[in-house]
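Notes to accompany the following structure.
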Amino acid sequence: MKNFKIVVKIVLLVVVLIGLLVGYAFKIEPKMLVVHSYHLNEDKGESVKIVQISDIQVSETYTVNQLNRLVEKINQISPDMIVFTGDLFENFSAFPQKQEVTDSLSQLNATVGKFAVWGNRDYGGGAFKIYEDLLTNADFTLLNNNGVTVPVSNDKKLFIGGIDDGLLGKPDIDLLLSQMDDTYDYEIVLMHEPDMAELLKDTSVNLLLAGHSHGGQIRIPFMKTIKTSLAEKYDDGFYTINKDNGMQLYVNTGIGTSRIAARFMVPPEIAVFTIHL
């Protein structure tokens with residue numbers, strides 16, 4: 001009888017622990033926000049501060065109020081540039097908050113500019129009808145197989161380009177590359193799906209920024225992390241794509257959630273890159 005009571009207590013303890021972990025994954029971690037900061041080319045002089053966010057996925061579980069708090073947090077960082085690597089809504093047809101999201105994103109402040117690319121969910125759920133217009137009204141430049149020159153002080157300049165979504169769009173690497181030359185001090189390319197980095201492996205690009213993976217979104221120790229299409233090889237953090245020229249890829253684990261409104265051991269992320277030129 002004594003052993004039975006011990007077993008019951010252990011089972012109850014395990015059940016309570018599981019309940020607490022599930023509550024944490026659904027109610028606490030998705031509302032957390034971590035800032036990861038990195039310095040690149042530290043041996044150089046002038047610098048530009050770039051904030052990357054990805055996979056906001058506004059929905060019933062990631063509300064405009066949360067988006068407003070994200071905007072406030074980013075503005076506190078005082079970025080020179082803000083880049084968004086796709087998936088603004090989880091499903092726009094189910095949560096069509098176009099004006100509210102436009103108003104929120106328009107409050108983001110960046111001294112040099114704000115840039116974005118298409119994600120797969122920006123095409124799905126009817127979002128393709130409003131995505132470009134929404135971003136334009138929020139003062140973002142939507143890059144789609146093209147790029148722009150960004151002047152930096154002391155006659156330095158960088159190139160920032162973007163590739164169309166690899167799942168539902170029409171990525172055109174050759175078109176993007178045709179707009180680049182060898183006069184840039186630094187080259188950045190935005191993409192939604194990180195595995196597309198392989199398509200740029202033999203180019204002169206310095207830094208690739210992607211999202212899409214959510215870092216697996218839920219990581220349970222000793223269990224395999226869930227992978228998603230075109231984020232199977234690269235899913236979290238820095239990777240060296242080309243050792244010869246030092247090309248790096250950074251995969252942002254995103255802000256919102258997809259399919260299941262939970263995160264575990266992968267909190268929402270803002271990435272900050274101080275790039276010296």
| Test: residue 85 is closer than 30 Å to residue 44 by Cα, open to solvent by 10 Å² or more (accessible area, probe 1.4 Å) and of a type in the set (S, T, N, Q) | no
| query | Considering the range 72-123 alone, what residues qualify as being of a type in the set (A, V, I, L, M) and in contact with a Leu (Cβ under 7 Å, 6 or more places away or on another chain)? | reply | 74, 82, 83, 101, 116, 117
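For (1) in a strand (DSSP E or B); (2) surrounded by 15 or more Cβ atoms within 10 Å (Cβ to Cβ); (3) more than 19 Å from the chain's Cα centre (by Cα), each residue gets a yes or a no:
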{"position": "135", "(1), (2), (3)": "no, yes, no"}
{"position": "150", "(1), (2), (3)": "yes, yes, yes"}
{"position": "158", "(1), (2), (3)": "yes, yes, yes"}
{"position": "170", "(1), (2), (3)": "no, no, yes"}
{"position": "179", "(1), (2), (3)": "no, no, yes"}
{"position": "188", "(1), (2), (3)": "yes, yes, no"}
{"position": "196", "(1), (2), (3)": "no, yes, no"}
| field | the range 100-125: number of residues that are of a type in the set (Lys, Arg) and open to solvent by less than 10 Å² (accessible area, probe 1.4 Å) | value | 0
| message | Pairs needed: first member in the range 178-192, among the β-branched types (Val, Ile, Thr); second member anywhere, assigned to a loop (DSSP other than H, G, I, E, B) and open to solvent by less than 70 Å² (accessible area, probe 1.4 Å); C-beta distance under 7 Å; at least 6 residues apart or different chains. | response | 188/206; 189/163; 189/205
| query | What about residue 249, is it more than 18 Å from residue 53 (Cβ to Cβ), touching a Leu at 6+ places or on another chain (Cβ under 7 Å) and surrounded by 16 or more Cβ atoms within 10 Å (Cβ to Cβ)? | reply | no
| task | Any residue in the range 1-30 that's loosely packed, with under 10 Cβ neighbours inside 10 Å: show its pairings with residues that are assigned to a helix (DSSP H, G or I) at Cβ separation under 6 Å, as long as the two are six or more apart or on different chains. | result | none
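The values are calculated or read from the model by the stated rules, or taken from the named source; none is laboratory data. Every value quoted in this text rests on a predicted model; they were computed, and no experiment measured them. Don't worry about glycine lacking a Cβ; one is built from the backbone with ideal geometry, like all the others, and counts go over all protein chains shown. Protein only, heavy atoms only, side chains kept; ligands, DNA and RNA dropped before computing areas. Shrake-Rupley method; radii C 1.70, N 1.55, O 1.52, S 1.80 Å.
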